[in-house]
Amino acid sequence: RKPMNAEHILSVVLYANYPRLSHLFRCSLLRRSSATESVHSLKQRNAPFFHLSRLLRETVEVFGDRLGDKPKISHLYHSTQFVPVNGVITRMYAPISMTRQLCTAMLYAPQNGVVLSVKNYSFEKPYYF
């Protein structure tokens, strides 16, 4: 692998250190109403974030690893206000901040929030960075 360049590093720094930017970016990736919003409308909302979107995706897919490829990392944790059912199998199509440390996720959990434990299933290994 070749080393990360400054653009890729900066994209991660901006995403991680500017919560308002990362929130607006994530919102631009999600359809407002899957039944009514067109793909064209979704692309228009994401257009201002084109370069950030490309750089973050490249950072994860080119410089990241796949969950489960390293024996020491079998779970990642994410804090949220969403209270899921007992178990959920899902695919994530937008960036999501996670940590390898349960205690770190607990520190950032909102009041009355939950910490999700994300693990790999054999049919698909998600990338992480």
> From the set of residues in the stretch 18-28 that are out of contact with any Pro (no Cβ under 8 Å at 6 or more places or on another chain) and closer than 14 Å to residue 44 by Cα, which is modelled with the lowest pLDDT?
Replying inline: 27
> Given the residues 87, 68, which is the only one that is farther than 22 Å from residue 15 by Cβ, at pLDDT 65 or above and part of a loop (DSSP other than H, G, I, E, B)?
Replying inline: 68
> surrounded by 13 or more Cβ atoms within 10 Å (Cβ to Cβ), at pLDDT 80 or above and of a type outside the set (Val, Ile, Thr): does that describe residue 97?
Replying inline: no
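The values are calculated or read from the model by the stated rules, or taken from the named source; none is laboratory data. Keep in mind that what you see is a predicted model, and the values were worked out from it rather than measured. Virtual Cβ from ideal backbone geometry, glycine too; neighbours counted across all protein chains shown.
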